[in-house]
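The values are calculated or read from the model by the stated rules, or taken from the named source; none is laboratory data. This is a predicted model, so every value here is computed, not measured. For neighbour counting, all protein chains shown are included, and Cβ atoms are generated from backbone atoms with ideal geometry for every residue, glycine included.
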Amino acid sequence: RKEVEQDPGPFNVPEGATVAFNCTYSNSASQSFFWYRQDCRKEPKLLMSVYSSGNEDGRFTAQLNRASQYISLLIRDSKLSDSATYLCVVNKVNSGYSTLTFGKGTMLLVSP
Amino acid sequence: GAVVSQHPSRVICKSGTSVKIECRSLDFQATTMFWYRQFPKQSLMLMATSNEGSKATYEQGVEKDKFLINHASLTLSTLTVTSAHPEDSSFYICSAEDRSWDTGELFFGEGSRLTVL
(Lines give C-alpha, C1' and ligand atoms only; values in the text may rest on other atoms or scores of the structure.)
Protein backbone atom coordinates (compact mmCIF):
# COMPACT_ATOMS: atom_id res chain seq x y z
CA ARG A 1 0.00 0.00 0.00
CA LYS A 2 1.37 3.42 -0.93
CA GLU A 3 2.08 5.82 1.89
CA VAL A 4 -0.35 8.40 0.62
CA GLU A 5 -2.93 7.56 -2.00
CA GLN A 6 -5.24 9.79 -3.94
CA ASP A 7 -7.49 9.33 -6.92
CA PRO A 8 -5.63 11.18 -9.69
CA GLY A 9 -8.84 12.22 -11.43
CA PRO A 10 -9.40 14.39 -13.33
CA PHE A 11 -12.64 15.41 -11.70
CA ASN A 12 -14.62 17.38 -14.26
CA VAL A 13 -17.36 19.45 -12.64
CA PRO A 14 -19.48 22.43 -13.69
CA GLU A 15 -19.27 25.74 -11.91
CA GLY A 16 -21.28 25.74 -8.73
CA ALA A 17 -20.95 22.01 -8.14
CA THR A 18 -19.79 20.41 -4.91
CA VAL A 19 -16.86 18.05 -5.19
CA ALA A 20 -15.08 15.89 -2.65
CA PHE A 21 -11.64 14.32 -2.65
CA ASN A 22 -10.40 11.57 -0.39
CA CYS A 23 -6.89 10.62 0.56
CA THR A 24 -5.72 7.56 2.48
CA TYR A 25 -2.45 7.20 4.35
CA SER A 26 -0.73 4.09 5.56
CA ASN A 27 1.43 5.29 8.46
CA SER A 28 -0.58 5.42 11.65
CA ALA A 29 2.19 7.51 13.28
CA SER A 30 1.41 10.42 10.97
CA GLN A 31 0.85 13.50 13.03
CA SER A 32 -0.36 16.32 10.87
CA PHE A 33 -2.15 16.59 7.61
CA PHE A 34 -2.52 19.19 4.94
CA TRP A 35 -4.11 19.92 1.63
CA TYR A 36 -1.91 21.80 -0.80
CA ARG A 37 -2.98 23.24 -4.09
CA GLN A 38 -0.68 23.13 -7.09
CA ASP A 39 -1.37 25.02 -10.27
CA CYS A 40 0.17 23.82 -13.50
CA ARG A 41 3.92 24.37 -13.55
CA LYS A 42 3.87 26.17 -10.21
CA GLU A 43 4.97 25.33 -6.71
CA PRO A 44 2.47 23.87 -4.23
CA LYS A 45 0.77 26.28 -1.87
CA LEU A 46 -0.93 25.44 1.38
CA LEU A 47 -4.69 25.36 1.06
CA MET A 48 -5.50 24.29 4.58
CA SER A 49 -4.36 22.20 7.47
CA VAL A 50 -6.58 19.32 8.52
CA TYR A 51 -7.52 19.10 12.17
CA SER A 52 -8.95 16.16 14.04
CA SER A 53 -12.16 18.03 14.71
CA GLY A 54 -12.52 18.99 11.07
CA ASN A 55 -12.20 22.52 9.86
CA GLU A 56 -13.79 24.83 7.38
CA ASP A 57 -12.45 27.79 5.46
CA GLY A 58 -15.06 29.44 3.32
CA ARG A 59 -16.10 26.99 0.63
CA PHE A 60 -13.53 24.42 1.71
CA THR A 61 -14.04 21.80 4.42
CA ALA A 62 -11.39 19.33 5.52
CA GLN A 63 -11.99 16.23 7.60
CA LEU A 64 -9.67 13.72 9.25
CA ASN A 65 -10.58 10.17 10.19
CA ARG A 66 -7.69 8.68 12.14
CA ALA A 67 -9.38 5.35 12.70
CA SER A 68 -9.75 4.75 8.98
CA GLN A 69 -6.62 6.73 8.12
CA TYR A 70 -8.08 9.05 5.57
CA ILE A 71 -8.59 12.74 5.06
CA SER A 72 -11.04 14.49 2.83
CA LEU A 73 -11.50 17.84 1.16
CA LEU A 74 -14.91 19.16 0.20
CA ILE A 75 -15.26 22.12 -2.13
CA ARG A 76 -18.66 23.77 -2.36
CA ASP A 77 -19.89 26.12 -5.09
CA SER A 78 -16.89 25.37 -7.33
CA LYS A 79 -15.33 28.27 -9.19
CA LEU A 80 -13.35 28.20 -12.41
CA SER A 81 -10.35 29.34 -10.40
CA ASP A 82 -10.54 26.17 -8.30
CA SER A 83 -9.16 24.21 -11.26
CA ALA A 84 -5.85 22.84 -10.02
CA THR A 85 -4.24 19.73 -8.61
CA TYR A 86 -4.93 19.13 -4.93
CA LEU A 87 -2.17 17.39 -3.03
CA CYS A 88 -2.75 15.45 0.12
CA VAL A 89 0.24 15.80 2.42
CA VAL A 90 1.02 13.82 5.53
CA ASN A 91 3.63 14.94 8.06
CA LYS A 92 5.47 12.85 10.59
CA VAL A 93 7.86 14.48 13.05
CA ASN A 94 10.74 12.30 14.17
CA SER A 95 13.49 13.58 16.44
CA GLY A 96 12.48 17.11 15.71
CA TYR A 97 12.60 16.69 11.94
CA SER A 98 9.58 16.72 9.72
CA THR A 99 9.06 14.09 7.07
CA LEU A 100 6.46 15.04 4.54
CA THR A 101 4.93 12.57 2.18
CA PHE A 102 2.94 13.83 -0.77
CA GLY A 103 0.16 12.13 -2.62
CA LYS A 104 0.25 12.27 -6.41
CA GLY A 105 -2.54 14.77 -6.39
CA THR A 106 -6.09 14.91 -7.62
CA MET A 107 -6.77 17.09 -10.62
CA LEU A 108 -9.89 19.21 -10.59
CA LEU A 109 -11.25 20.85 -13.73
CA VAL A 110 -14.14 23.25 -13.27
CA SER A 111 -15.94 24.19 -16.45
CA PRO A 112 -18.36 27.06 -17.20
CA GLY B 1 3.59 34.62 5.64
CA ALA B 2 7.04 33.20 5.28
CA VAL B 3 8.63 33.45 1.88
CA VAL B 4 11.04 31.08 0.23
CA SER B 5 12.79 32.22 -2.90
CA GLN B 6 14.32 29.86 -5.43
CA HIS B 7 16.63 30.75 -8.28
CA PRO B 8 16.86 30.25 -11.20
CA SER B 9 13.27 29.54 -12.14
CA ARG B 10 14.24 28.04 -15.44
CA VAL B 11 17.52 26.73 -16.76
CA ILE B 12 18.51 24.99 -19.95
CA CYS B 13 21.92 23.40 -20.14
CA LYS B 14 23.95 21.01 -22.21
CA SER B 15 24.50 17.46 -21.15
CA GLY B 16 27.56 17.09 -18.95
CA THR B 17 27.41 20.52 -17.37
CA SER B 18 26.63 21.30 -13.73
CA VAL B 19 23.74 23.44 -12.59
CA LYS B 20 23.34 25.14 -9.22
CA ILE B 21 19.95 26.00 -7.77
CA GLU B 22 19.61 28.30 -4.78
CA CYS B 23 16.92 28.27 -2.15
CA ARG B 24 16.62 31.17 0.29
CA SER B 25 14.31 31.76 3.21
CA LEU B 26 13.68 35.49 3.07
CA ASP B 27 12.17 36.35 6.42
CA PHE B 28 12.89 33.44 8.70
CA GLN B 29 15.72 31.14 9.63
CA ALA B 30 15.50 27.62 8.34
CA THR B 31 17.73 25.05 10.01
CA THR B 32 16.22 22.47 7.72
CA MET B 33 15.30 22.74 4.09
CA PHE B 34 13.97 20.07 1.78
CA TRP B 35 14.65 19.40 -1.87
CA TYR B 36 12.08 17.73 -4.07
CA ARG B 37 11.88 16.66 -7.65
CA GLN B 38 8.69 16.45 -9.62
CA PHE B 39 8.34 14.78 -12.99
CA PRO B 40 5.32 15.57 -15.20
CA LYS B 41 2.07 14.25 -13.75
CA GLN B 42 3.93 12.82 -10.77
CA SER B 43 3.93 13.75 -7.11
CA LEU B 44 6.71 15.59 -5.38
CA MET B 45 9.45 13.17 -4.44
CA LEU B 46 11.70 14.11 -1.56
CA MET B 47 15.32 13.95 -2.66
CA ALA B 48 17.14 15.10 0.44
CA THR B 49 16.88 16.96 3.69
CA SER B 50 19.35 19.79 3.99
CA ASN B 51 20.61 20.59 7.48
CA GLU B 52 22.40 23.83 8.26
CA GLY B 53 26.02 23.22 9.15
CA SER B 54 25.96 19.49 8.57
CA LYS B 55 25.68 16.95 5.80
CA ALA B 56 22.43 16.49 3.96
CA THR B 57 20.38 13.36 4.41
CA TYR B 58 19.55 11.74 1.09
CA GLU B 59 16.56 9.58 0.31
CA GLN B 60 17.08 6.09 -0.96
CA GLY B 61 17.97 6.02 -4.62
CA VAL B 62 19.22 9.60 -4.78
CA GLU B 63 22.91 9.85 -5.64
CA LYS B 64 24.60 12.21 -3.21
CA ASP B 65 27.61 12.67 -5.49
CA LYS B 66 25.36 13.74 -8.31
CA PHE B 67 23.07 16.01 -6.33
CA LEU B 68 25.34 18.07 -4.11
CA ILE B 69 23.62 19.95 -1.33
CA ASN B 70 25.18 22.72 0.71
CA HIS B 71 23.40 24.47 3.56
CA ALA B 72 26.01 26.96 4.68
CA SER B 73 23.74 29.42 6.43
CA LEU B 74 20.35 29.53 8.11
CA THR B 75 18.81 31.19 5.07
CA LEU B 76 20.46 29.49 2.11
CA SER B 77 20.62 25.97 0.74
CA THR B 78 21.97 25.09 -2.68
CA LEU B 79 21.46 22.05 -4.87
CA THR B 80 24.02 21.36 -7.57
CA VAL B 81 23.16 18.87 -10.26
CA THR B 82 26.55 17.65 -11.42
CA SER B 83 27.22 16.32 -14.91
CA ALA B 84 23.57 16.74 -15.81
CA HIS B 85 21.96 14.39 -18.30
CA PRO B 86 18.62 14.59 -20.11
CA GLU B 87 17.02 12.23 -17.58
CA ASP B 88 17.76 14.85 -14.90
CA SER B 89 15.35 17.23 -16.62
CA SER B 90 12.68 17.90 -14.05
CA PHE B 91 11.03 20.45 -11.78
CA TYR B 92 13.12 20.91 -8.66
CA ILE B 93 11.46 22.54 -5.66
CA CYS B 94 12.83 23.46 -2.27
CA SER B 95 10.89 24.05 0.89
CA ALA B 96 11.49 25.14 4.44
CA GLU B 97 9.55 25.08 7.65
CA ASP B 98 9.23 28.17 9.79
CA ARG B 99 9.62 26.55 13.19
CA SER B 100 8.70 29.75 15.00
CA TRP B 101 5.07 29.06 14.10
CA ASP B 102 5.15 25.34 14.93
CA THR B 103 2.34 24.59 12.49
CA GLY B 104 4.18 22.03 10.42
CA GLU B 105 3.41 24.09 7.33
CA LEU B 106 6.06 24.08 4.68
CA PHE B 107 6.77 27.07 2.50
CA PHE B 108 7.87 26.29 -1.00
CA GLY B 109 10.16 28.04 -3.39
CA GLU B 110 8.81 28.84 -6.82
CA GLY B 111 10.59 25.83 -8.29
CA SER B 112 13.33 25.49 -10.88
CA ARG B 113 12.59 23.86 -14.18
CA LEU B 114 15.71 22.17 -15.49
CA THR B 115 16.00 21.07 -19.09
CA VAL B 116 19.11 19.19 -20.08
CA LEU B 117 19.71 18.97 -23.82
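From the set of residues in region B:38-55 that are buried (at least 20 other Cβ atoms within 10 Å of the Cβ) and touching a Lys or Arg at 6+ places or on another chain (Cβ under 7 Å), which is farthest from the other protein chains (Cβ to nearest Cβ)?
Once the filter is applied, the top-ranked residue is B:Met47.
Any residue that is away from every other protein chain (no Cβ under 11 Å), out of contact with any Gly (no Cβ under 7 Å at 6 or more places or on another chain), closer than 27 Å to A:Asp39 by Cα and without any contact (Cβ under 8 Å) to a residue 24 or more places away in the chain - is there at least one of those in region B:62-84?
Yes, region B:62-84 contains a residue that is away from every other protein chain (no Cβ under 11 Å), out of contact with any Gly (no Cβ under 7 Å at 6 or more places or on another chain), closer than 27 Å to A:Asp39 by Cα and without any contact (Cβ under 8 Å) to a residue 24 or more places away in the chain.
For region A:38-64, enumerate the residues that are under 11 Å from the mean Cα position of the chain (by Cα) and closer than 12 Å to B:Gly111 by Cα.
Listed by number, the list holds a single entry, A:Gln38.
So, in region A:28-62, exactly how many residues are surrounded by fewer than 12 Cβ atoms within 10 Å (Cβ to Cβ) and on the phi > 0 side of the Ramachandran plot?
Result for region A:28-62: 2.
Among the listed residues B:Ser15, B:Ser73, identify the single one that is polar (S, T, N, Q), over 17 Å from A:Leu100 (Cα atoms) and in contact with a helix residue (DSSP H, G or I) (Cβ under 7 Å, 6 or more places away or on another chain).
B:Ser15
Filtering region B:1-37 down to residues that are within 14 Å of chain A (Cβ to nearest Cβ), among the aliphatic types (A, V, I, L, M) and part of a strand (DSSP E or B), which residue is surrounded by the most Cβ atoms within 10 Å (Cβ to Cβ)?
For region B:1-37, the residue satisfying everything is B:Met33.
So, in region A:1-27, how many residues would count as being in a loop (DSSP other than H, G, I, E, B), polar (S, T, N, Q) and either surrounded by 17 or more Cβ atoms within 10 Å (Cβ to Cβ) or at pLDDT below 95 (or both)?
2
What are the residues in region A:19-40 that are more than 27 Å from A:Ser83 (Cβ to Cβ) and more than 10 Å from chain B (Cβ to nearest Cβ), if any?
Matches in region A:19-40: A:Ser26, A:Asn27, A:Ser28, A:Ala29, A:Ser30.
Of all residues in region A:28-50, count the ones that are closer than 23 Å to A:Gln69 by Cβ, in a strand (DSSP E or B) and at pLDDT below 90.
Adding up the residues that qualify gives 3.
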